[in-house]
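Have a look at the structure below before the remarks.
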Number of protein chains: 2
Amino acid sequence: MKEFDLIKGYFAKQALNRKDVIAGIGDDCAVLQPSERQNIAVTTDTLVEGVHFPRNTSAKAVGHKVVAVSLSDLAAMGAEPAWISLAITLPIADELWVKDFCDGVFELCEYYNVQLIGGDTTQGPLSVTVTAQGFTPLEKHLTRSGAKSGDWLYVTGEVGDAALALQDILGNVDIEEQYKASVRKSLDFPKPRVLAGQTLREYASSAIDISDGILSDLKHICVASGVGANIVLDDLPISTVMHDTLGQDKAVELALNGGDDYELLFTVSQDNKVGMETALANAGITITCIGQINSSEKITTTLNSQAVSIKKQGFEHFWYPG
Amino acid sequence: MKEFDLIKGYFAKQALNRKDVIAGIGDDCAVLQPSERQNIAVTTDTLVEGVHFPRNTSAKAVGHKVVAVSLSDLAAMGAEPAWISLAITLPIADELWVKDFCDGVFELCEYYNVQLIGGDTTQGPLSVTVTAQGFTPLEKHLTRSGAKSGDWLYVTGEVGDAALALQDILGNVDIEEQYKASVRKSLDFPKPRVLAGQTLREYASSAIDISDGILSDLKHICVASGVGANIVLDDLPISTVMHDTLGQDKAVELALNGGDDYELLFTVSQDNKVGMETALANAGITITCIGQINSSEKITTTLNSQAVSIKKQGFEHFWYPG
C-alpha cells in the first residue's frame, strides 16, 4: 500500500471543515486563518507504545487518547480547541489499524469541532505525536503560576481510576469483573475537561491538568507560583471502585501518585469561590475542594485533621508528557 | 537525571525571544499572538533514526535537519517561519546528546528568527517530530496546484548531493576523500530555501520542496495541478562531485530519484519569468530552468532533445514526509 493512499483514504476523510482552515491536508503546509483578537495556545504530546499506553491498546483508543491528552493541555490553559496536526510512526502500513486509529481521532475531534490539518506518517516503532492548537481571549489564559496563599484547591471529576486500570493490566490488583471495563475506559478514553477549562478562565488563579498524578502536578503549580499546599485526603474524590478494590488508604495513595487522570487541578481565591462553583455547577461539571494553598513552599497532607506523611513524590515518567 | 532538568537545562535555553510569544516553554501550552491580517502555515515532520537519517548521524545534525525539513515545507508555501514545537523520543536521557541536538536546533532557529515554543520528550526508539508555523499574507501562499500548461519548471541550487552522501554511507559509491565532507554536509545540514519561497510568492504558479526526489515531487505538482511536464535532463543542476563520482547518466538518475535535497521545485508563467529571475538574482539565489509544464498529465524527460525513458518513478519513503 502506498503512502498517499493511506493519507487520502483515512486522514483526509474527516467530515468536519472549519471555516478558518484555508488549506488542510494535501500540500506542504496547512494554511490557517487565526481569529482576530485572540491568542493561540499550542501543545505537543507524544505517546509511545509500552510507555504511555499498554501494547494491547486498541488503535481507536490510541487515536482517542493522543487527541484527548493534547486537548486536556488546551483545557488547562482555558483554550477553545481548533486544529490538530498528527505525526504517526508505525512498524508497518497497517490499513485497518490506521482506520481504527482515525475513528478514535475523528470521534473526539468532531465533538470539539477540531480539524485535523495535516501531519506525517513514518515507519518505525509505534508512537503518535499530536500538536493541538486553540484560542484564548487576549490576556485571559490560565497558567500554573497564579496560585496565592489562601486560595482553595479543587479538582474536577474523580481521580485514580486510570491508574487503577494500569495496575490491573500489570497484575498488581484484582478488580471485580463487573468494574473492569469501566475502569479500563478511564485509562483508554479519558475525557479532556475542555468546557471546565474555558469556564475557569474567569475564576481560577491557576490550573493544570493531571497527567502525572495530583502530587506531581500540584508540585508544578506550587513551584511556578512560589507557594505550598495542603491536601485534605479525606476529601479526595475517589471512585467506589477504587475504594472497594484497594481500601481507603491504598486508594488515596494511588489517587495521589497515579497519572493519566486528565482532570483539571486548579486554585481559586476566596472571592471567586462562589462564582466559580456556580458557573461550574451550571455547566454540569462536578468539582471537589481538596485543600488549600499556603505560603510554605511544601506540599503536605492531612487525614482526619492530622498531618500524615506522603509516601511518594509522584509517578515519574521518563519526561513530563505535557 | 530528572525530566525537568533536561527541559530547563537545554530546551529553555534559547536566547531568542519573539514578541509574539506571550508564553513559551514551561506551562501546559505555549501562548502565541498571531499577526493581524496574516494566515498561518503549519507543517509537521518526523525523522526516525535508521529511516530518515543514518544511525551514526550527529545529534547536532539531527537537530538541524528536523528543523530544516520543516522550514523547507514552510518555504514551499512562501511562509515566513515563526515558531516550532518539538517532540523528541530518546532511548535514554542522554544529556550530552540533547545539548548537541539543541545546538543544531537553535543555530538554525536563530538564523531564521524562529522560537522553540514547547514540546515533549518521551522514552523510546530515537525519533524527532517538529511542527513548524509561519506567516503568509492573506491569499498569497504558494501551492502545488497552480501549475499551468506552458509554465516553466525551475529548481533552486543543485540537486542530488544528499542522495550521493547516502549512497556513500551505504557503500554503493566511491567518493573522493576531499569531497566526502561537503557531500555529507548536504545530507546532514540541508539549507531550507526560506528566502526563495517568500520571494516566489509574487511570481510562481506552484511550488514544492524536494524531499522525495525531483520525479516524485514533480508528480505531486502535476497531480495537484492536473498537468504534465517534461524535464530537460541536459539542464539538471548537478554538482561537479556528482558528475565526477557517478558519470553523467548515473548522476542524472540519482538527481531525479534521490531525496533529501530540500531545494524548491517551482513553476512560473511566461509572463512572470523575467520578473522572477530578476527577483531571485537580486536575492542571490541560484536557479535553473529544467523543463516545462504541458497538458499531457505525464512526466517525460529529454536528453539532447531526444525523448528518453525514466528508469524509476522516484524514491518511495514508507510515507511521504511532508
- Query: Within the bounds of region B:119-133, is there any residue that is away from chain A (no Cβ under 11 Å), assigned to a strand (DSSP E or B) and either touching a residue at least 40 places away in the same chain (Cβ under 8 Å) or among the small types (Gly, Ala, Ser) (or both)?
  - Reply: no
- Of the residues B:Gly26, B:Gly63, B:Gly78, B:Gly50, which is among the small types (Gly, Ala, Ser) and touching a His at 6+ places or on another chain (Cβ under 8 Å)? B:Gly78
- Query: With respect to the numbered conditions (1) of a type in the set (A, V, I, L, M, F, W, C); (2) outside any strand (DSSP E or B); (3) surrounded by 24 or more Cβ atoms within 10 Å (Cβ to Cβ), which one is the sole condition not fulfilled by B:Ala181?
  - Reply: (3)
- Task: Identify all residues within region B:184-196 that are over 15 Å from B:Gly259 (Cβ atoms) and over 11 Å from the mean Cα position of the chain (by Cα); write none if there are none.
- Result: B:Arg184, B:Lys185, B:Leu195, B:Ala196
- Query: Any residue at all in region A:40-62 that is in contact with a Cys (Cβ under 7 Å, 6 or more places away or on another chain) and more than 7 Å from chain B (Cβ to nearest Cβ)?
  - Reply: no
- Query: Which of the strands (runs of 3 or more DSSP E) contained wholly in region B:195-273 include at least 3 residues that are in contact with a strand residue (DSSP E or B) (Cβ under 6 Å, 6 or more places away or on another chain), surrounded by fewer than 22 Cβ atoms within 10 Å (Cβ to Cβ) and in contact (Cβ under 8 Å) with a residue 40 or more places away in the chain?
  - Reply: B:228-232
- Message: Based on this model, can you work out whether B:Ile22 counts as surrounded by fewer than 20 Cβ atoms within 10 Å (Cβ to Cβ), within 7 Å of chain A (Cβ to nearest Cβ), more than 30 Å from B:Arg144 (Cα to Cα) and in contact with a strand residue (DSSP E or B) (Cβ under 8 Å, 6 or more places away or on another chain)?
- Response: yes
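This table checks each residue for (1) of a type in the set (D, E, K, R); (2) crowded, with 22+ Cβ neighbours inside 10 Å; (3) closer than 22 Å to B:Leu16 by Cβ.
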site: B:Ala75; (1), (2), (3): no, yes, yes
site: B:Pro81; (1), (2), (3): no, yes, yes
site: B:Tyr111; (1), (2), (3): no, no, yes
site: B:Ser149; (1), (2), (3): no, no, no
- Task: Identify the residue in region B:197-216 that is modelled with pLDDT of 95 or more and charged (D, E, K, R) and, among all such residues, is nearest to the chain's Cα centre (by Cα).
- Result: B:Asp209
- Which condition breaks for A:Glu80 when tested against (1) farther than 15 Å from A:Ser127 by Cβ; (2) touching a helix residue (DSSP H, G or I) at 6+ places or on another chain (Cβ under 7 Å); (3) more than 14 Å from chain B (Cβ to nearest Cβ)? (3)
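The values are calculated or read from the model by the stated rules, or taken from the named source; none is laboratory data. Please read all numbers here as calculations on a predicted model, not as lab measurements. Neighbour counts run over all protein chains shown; Cβ positions are idealised from the backbone, glycine included.
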